Structure formats: C-alpha cells, structure tokens
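Notes for the one structure printed next.
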Amino acid sequence: MSPLPGLVGQADVGGDIVVDCGAVIVGSGAGGATMAAELSEAGVDVIVIEEGGYHPTESFGTNSCRALRTLYRDGGGGMAVGRPSVLFAEGRCVGGSTVVNGGMSWRTPARVLARWAAGGVTAISEPDMEPYFARAEGRHSVGLQDPGTVGRDSELFRGGAEAKGWTVLPNRRNQLHCAGTNNCTNGCPTGAKRSMLVTSVPRALSLGARLFADCRVDRVTRSGAAVTGVTGHFIRQGGRAGPRMTVRARAVIVAGGAVQTPALLARSGLRSASGTLGRNLSLHPNATVIAFFDEDVTGWQGVHQAFQVREFTPEGLLLTATNLTPPMLAGIMPGHGRELGELMADYNRVVTAGPLVSDSGTGRVRNVPGLGAQVFYRLTDSDAARVVRGVELTGQALFAAGARRLLLPFDGTPEARGPGELRRLLSRPVPKRSIQLYSIHLMGTARMNDDPRRGVTDSFGEFHGVPGLFVADASLFPGPTGINPMETVIALAMRNARQLVERRSRYAI
Ligand SMILES: Cc1cc2nc3c(=O)[nH]c(=O)nc-3n(C[C@H](O)[C@H](O)[C@H](O)COP(=O)(O)OP(=O)(O)OC[C@H]3O[C@@H](n4cnc5c(N)ncnc54)[C@H](O)[C@@H]3O)c2cc1C
C-alpha cells in the first residue's frame with residue numbers, strides 16, 4: 001500500500017501497464033516535480049515517471065553508503081571523461097537530486113540572465129524572472145539558517161576569509177528550521193530541507209497527479225511530427241527489467257537532468273538542427289582542499305555549508321567550506337590501509353573547503369552502445385588556471401583561520417604547512433591533467449534559444465520542430481550560472497509551466 005496517493009512503485013505492479021494522460025513528465029527532480037505541481041494545480045491530468053525509488057524522510061540517516069546506493073545514480077560515481085576526468089554525482093530517486101543536494105538556493109545572477117537574453121532567449125530579464133524566483137522561494141521556504149545550526153568548520157572558514165578582508169555571505173537555503181544534522185547528502189532525516197520529495201511531489205499527487213517510481217523511460221514516442229507519449233519499463237529489485245510501461249499523452253515533458261535528458265531524446269531519434277543536443281555541457285568544476293587544525297572542529301555538527309565567499313565571483317570563482325561525511329572524505333584522502341586510517345583518525349579536526357569554477361569549457365553527452373549515456377568534458381587552460389588560483393585562495397583563508405597543514409587536490413596530494421609553502425608549491429606550473437575535480441552541477445545539454453539554429457528548444461523549453469515536446473530541467477541553461485543552479489531550474493519550470501498552461505488548447509491538455 002503506497003504511503004502517498006497516486007504513487008505506484010515496482011512492487012505494486014504485476015504486469016505491463018498502458019495509461020493515458022494529458023502531460024507525461026520524465027523525472028521528478030527540481031524541474032520535473034515543479035512542472036508536475038504547477039500543471040496539476042492548473043487542472044492538467046499529469047503522470048510523472050521516475051527511474052529511482054521512493055524513499056521517505058524516515059528512511060534517511062547517517063549511512064552514506066546506503067544513501068549512495070539508493071538515492072544516487074551509479075552510486076554517485078559518474079565520470080566525465082577527459083584530461084583530467086571529472087567525477088560527478090546526480091540523484092536518482094523520487095525528488096531527484098534535490099533529495100541529496102546541499103539546499104543552497106540562490107537566484108540566477110543578473111549578469112547571467114543578461115548574457116542569456118543577449119544570446120537569444122526571450123522573457124529572461126531580471127524583472128521577467130522575479131515573480132518566479134519569489135514563488136520558488138515561497139514554495140520551498142528559502143531563507144537563512146536558524147542561529148545555533150552553523151558548524152565550527154563553516155565559522156572557521158568564514159573567519160579566515162573575513163581576516164583576508166573578503167566578502168562572505170550567509171547561504172540562503174530551502175529549509176524550514178534546519179537542525180544542522182549535516183546529513184543533506186544522505187537525504188534530510190528531519191524533513192527540514194524542502195526538497196521536491198516533501199514539497200512539489202506530494203503537492204502534485206494531492207492535486208491528482210500519478211507518479212510511477214522505479215520506472216525508466218526508454219523512448220519518447222511520436223506520430224509524424226507530434227509526440228504521442230513515452231515507453232519504458234519498471235526496474236525490479238536488483239536491477240532486473242520488469243513490466244513494460246506505455247503512457248499515451250498529448251504533451252511530453254523531459255526532465256531527467258542534463259545527462260539523461262539529451263541521451264533519452266537522442267535515443268528516441270530526435271535531432272536538433274542546432275547540432276547542440278548533448279553538447280554545451282557545463283559542470284562547475286569543484287576541487288577540495290583538506291585542512292587539518294589543532295583544535296577539534298567537529299565539522300559534522302552544523303549545516304553542510306553555511307557561507308559563500310563572494311569576493312572572486314567577477315573572476316568566476318566561488319569559495320565554500322562543505323563538510324564531507326567520513327566515507328566521502330576517505331574517498332578523496334590519499335593512501336590506503338594504515339596511512340589512510342591515520343589520516344581519518346583526525347576527522348574531527350578537519351575542514352574541507354574549495355573553489356567552484358564558472359566554467360568556460362564545455363563537454364558532451366553521447367549514447368554509447370552497451371554503456372548508455374557517457375559524458376566527456378574538456379577543461380580549458382584558463383579554467384584549470386582558475387581552479388589552481390581558487391585552491392590557493394582557499395588555502396590562504398584556511399591558514400588565516402589557523403589550519404596547521406593542507407592537502408591539495410592534485411595528483412600526489414602535495415602538502416602545504418604554511419602560506420609560504422602553499423605559494424611556492426603553486427608558483428610552479430600545475431599540470432592540468434593532475435587536478436582532481438568533481439561536479440554536482442551539470443547543465444546546458446539541450447539549451448534554449450529562440451533561433452532553431454542555435455538552440456534545442458525555444459525560450460520556453462519547447463523542442464524546435466516537435467510540438468508538444470518540452471525540456472524542463474538544467475539541460476535548458478544556455479551556459480553556467482556560476483552559482484548553485486537549483487533555484488534557476490525551479491523558477492524556469494514555473495515560468496514555462498505558466499506558458500504551457502496559457503497555450504494548453506494547442507496541445508489539448
Ligand atoms: C550532491 C549534490 C549536491 C548539490 N547541491 C546543490 C545545492 O546546494 N544547491 C543547488 O542549487 N544545487 C545543488 N545541486 C544541484 C541541483 O540539485 C541540480 O542542479 C538540480 O536538482 C537539477 O534539476 P534537474 O531537474 O535538472 O535534475 P534532477 O533533480 O537530477 O532530477 C532528474 C530526475 O530524473 C530522473 N530520470 C532521469 N532519466 C530518467 C528516465 N529515463 N526515466 C525516468 N526518470 C529519469 C532521475 O532519476 C532524477 O530523479 C546538487 C546536486 C548534487 C548531486
């Protein structure tokens with residue numbers, strides 16, 4: 001018996017299913033769940049199909065290994081192949097990446113919106129977007145942390161950055177009385193993080209939407225130029241293919257995230273005259289500096305990430321301290337066996353921090369036979385130089401905060417025991433391929449542009465040349481936001497849902 005009305009999981013399904021609806025939505029993350037709630041509110045008959053499972057708040061806790069297995073795609077171990085390759089993570093569960101994300105919720109910077117407008121996107125100015133940002137923030141309780149929920153790791157990093165005279169902002173997060181348990185990336189165990197799992201998904205279901213979880217969409221179906229729905233299959237426990245799913249719909253909204261969306265569209269035989277489907281991938285490369293302090297930091301107490309250093313955003317650099325859970329920290333520590341054990345024994349005295357780069361290079365998603373969607377990425381020389389500069393700035397702030405030594409995110413994990421040694425180490429060229437990078441912000445692989453020669457969709461997410469087919473996720477971004485992207489995904493989905501509702505007679509939904 002499902003705990004939410006309208007939710008069906010693989011265990012509830014005995015045989016093949018064929019269903020009809022007005023709009024079918026692929027994916028229940030930031031874009032898909034928002035679309036589902038907005039369209040359901042307007043009275044559209046909505047079906048959501050989600051590849052991942054339904055995991056309620058009560059099932060979340062401190063076990064990162066379980067979370068990686070149940071809530072993430074490929075156990076959080078995606079790889080964008082290149083020199084260097086970039087490790088990346090995406091959510092795969094009801095609620096998508098919003099279930100495992102850090103909850104930072106920021107509006108798209110005005111300069112980014114202006115760039116997108118100048119590039120060929122309409123109705124994207126700051127005044128155009130303001131009502132949707134306000135609605136997104138209201139719906140997801142975006143605000144500052146309650147006092148007493150900020151951890152010592154964040155305070156140390158802030159103190160170091162302020163000692164350098166840099167601008168530091170407290171994070172705005174989609175949370176209601178976050179208790180600072182620092183389990184964001186395992187799924188919030190108190191439900192304080194207002195992810196899609198506890199906001200738009202139940203809202204859409206209570207308004208009549210149906211959600212099929214553990215069900216992977218294989219293809220978008222068409223008759224001539226018009227879309228007719230999707231086909232897919234349920235995934236049994238252990239990953240076995242289960243019954244088949246057919247949804248007949250008059251509008252199809254693809255919101256599988258910036259890797260899966262272009263892969264699904266391409267394997268459905270869709271092409272974009274712009275040649276940009278699956279290309280133009282940005283991923284905000286991140287690097288992590290590990291700092292050891294003499295005092296107990298207990299970084300695992302207090303919110304995951306409380307501040308952002310905004311001093312260097314004009315250079316495309318954002319610096320943050322983000323506490324990593326023990327398995328995640330162990331994964332990036334050097335060595336193994338006793339050596340790794342000795343480093344991890346200092347877990348309580350560690351602060352992890354680093355730069356996020358608004359990237360100028362791009363990558364690509366391709367369907368590789370037998371392997372599925374594969375990601376390729378080329379880090380530009382200028383972005384590599386910015387990562388190195390970001391590492392140096394992060395290190396300076398950490399030493400200003402009292403760090404005793406740093407481990408740097410380059411092959412061989414060089415160690416710096418003071419600002420002088422850090423400067424000396426980084427004054428030598430750092431080979432690009434030696435930089436250890438990861439990403440949690442994938443964007444741009446079905447970019448919007450009113451000109452079909454330059455974009456996959458129009459300014460409101462409709463696929464050029466295929467009426468009734470929409471994209472509603474981070475794939476739409478024409479370029480990187482330079483900042484946490486979730487609120488941009490949500491606000492765009494709200495804006496595009498309104499446009500779709502205004503034109504609903506065209507699609508008979
Ligand atoms: C660990 C982590 C931390 C992050 N922290 C932040 C943060 O603090 N602030 C912020 O702004 N952003 C953060 N992000 C990024 C943010 O969560 C994403 O940018 C945002 O959720 C993207 O929304 P989306 O709709 O494009 O995709 P997602 O939210 O990823 O949702 C896509 C959904 O589609 C499903 N799907 C894909 N293909 C199919 C298919 N074929 N059939 C059925 N279902 C399918 C997936 O399983 C998934 O559930 C973080 C991400 C991660 C992974």
Being in a loop (DSSP other than H, G, I, E, B) and closer than 25 Å to GLU295 by Cα is the filter here; which residues of the stretch 147-170 pass it? PRO147, GLY148, THR149, VAL150, GLY151, LYS164, GLY165, TRP166
Taking the stretch 171-218, which residues are aliphatic (A, V, I, L, M) and part of a helix (DSSP H, G or I)? MET196, LEU197, VAL198, VAL201, ALA204, LEU205
Residue among PRO285, PRO243, PRO202 that alone is crowded, with 24+ Cβ neighbours inside 10 Å and either more than 25 Å from ARG506 (Cβ to Cβ) or within 11 Å of the ligand (Cβ to nearest atom) (or both): PRO285
Go through the stretch 321-342 and count every residue that is touching a residue at least 40 places away in the same chain (Cβ under 8 Å), buried (at least 17 other Cβ atoms within 10 Å of the Cβ) and in a helix (DSSP H, G or I). 2
Could you please let me know if ILE483 is assigned by TED's automatic domain parsing to the domain that holds GLY22, within 22 Å of TYR377 (Cβ to Cβ) and among the hydrophobic types (A, V, I, L, M, F, W, C)? yes
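Out of all the residues in the stretch 413-432, which are assigned to a helix (DSSP H, G or I) and either in contact with a Phe, Trp or Tyr (Cβ under 7 Å, 6 or more places away or on another chain) or hydrophobic (A, V, I, L, M, F, W, C) (or both)?
Of everything in the stretch 413-432, those that are assigned to a helix (DSSP H, G or I) and either in contact with a Phe, Trp or Tyr (Cβ under 7 Å, 6 or more places away or on another chain) or hydrophobic (A, V, I, L, M, F, W, C) (or both) turn out to be PRO419, LEU422, LEU425, LEU426.
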More than 8 Å from the ligand (Cβ to nearest atom), modelled with pLDDT of 95 or more, hydrophobic (A, V, I, L, M, F, W, C) and under 28 Å from ALA508 (Cβ atoms): is that true of VAL86 in this structure? no
The condition of being of a type in the set (S, T, N, Q), closer than 30 Å to ALA508 by Cβ, in the same structural domain as GLN260 (by TED's automatic domain parsing) and under 18 Å from the mean Cα position of the chain (by Cα) holds, among SER40, SER28, only for SER28
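Looking at LEU318, LEU277 in this structure, which one is under 25 Å from LEU492 (Cβ atoms), in a strand (DSSP E or B) and among the aliphatic types (A, V, I, L, M)?
LEU318
Please work out if ALA416 is over 24 Å from MET333 (Cα atoms), among the aliphatic types (A, V, I, L, M) and touching a strand residue (DSSP E or B) at 6+ places or on another chain (Cβ under 8 Å).
no
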Answer yes or no as to whether ALA80 is crowded, with 24+ Cβ neighbours inside 10 Å and closer than 21 Å to THR288 by Cα. yes
Within the stretch 439-449, is even one residue outside any strand (DSSP E or B) and more than 16 Å from the ligand (Cβ to nearest atom)? yes
Scanning the stretch 412-437 for residues that are modelled with pLDDT of 95 or more, under 27 Å from TYR72 (Cβ atoms), out of contact with any Lys or Arg (no Cβ under 8 Å at 6 or more places or on another chain) and surrounded by fewer than 22 Cβ atoms within 10 Å (Cβ to Cβ) gives SER434, GLN436
Within the set of pairs 6+ apart or on separate chains, which have a first residue in the stretch 1-28 that is closer than 19 Å to VAL254 by Cβ, a second that is among the hydroxyl-bearing types (Ser, Thr, Tyr) and within 15 Å of the ligand (Cβ to nearest atom), and C-beta atoms under 7 Å apart? none
Flagged in the stretch 175-194 as of a type in the set (Gly, Ala, Ser) and within 16 Å of the chain's Cα centre (by Cα), in numbering order, are GLY187
Do we have any residue at all in the stretch 118-133 that's outside any loop (DSSP other than H, G, I, E, B), within 21 Å of the chain's Cα centre (by Cα), among the aliphatic types (A, V, I, L, M) and surrounded by 21 or more Cβ atoms within 10 Å (Cβ to Cβ)? yes
List every residue pair whose Cβ atoms lie under 7 Å apart, where the two residues are 6 or more positions apart in sequence or sit on different chains, the first residue falls within the stretch 292-305 and is in contact (Cβ under 8 Å) with a residue 24 or more places away in the chain, and the second residue, located anywhere, is within 16 Å of the ligand (Cβ to nearest atom) and of a type in the set (A, V, I, L, M). GLY302/VAL150; VAL303/VAL150; GLN305/MET104; GLN305/ALA321
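The values are calculated or read from the model by the stated rules, or taken from the named source; none is laboratory data. On a predicted model such as this, the values are computed, not experimentally measured, just so you know. A quick note on method: Cβ atoms are made from the backbone with ideal geometry, for glycine too, and the neighbour counts reach across all protein chains shown.
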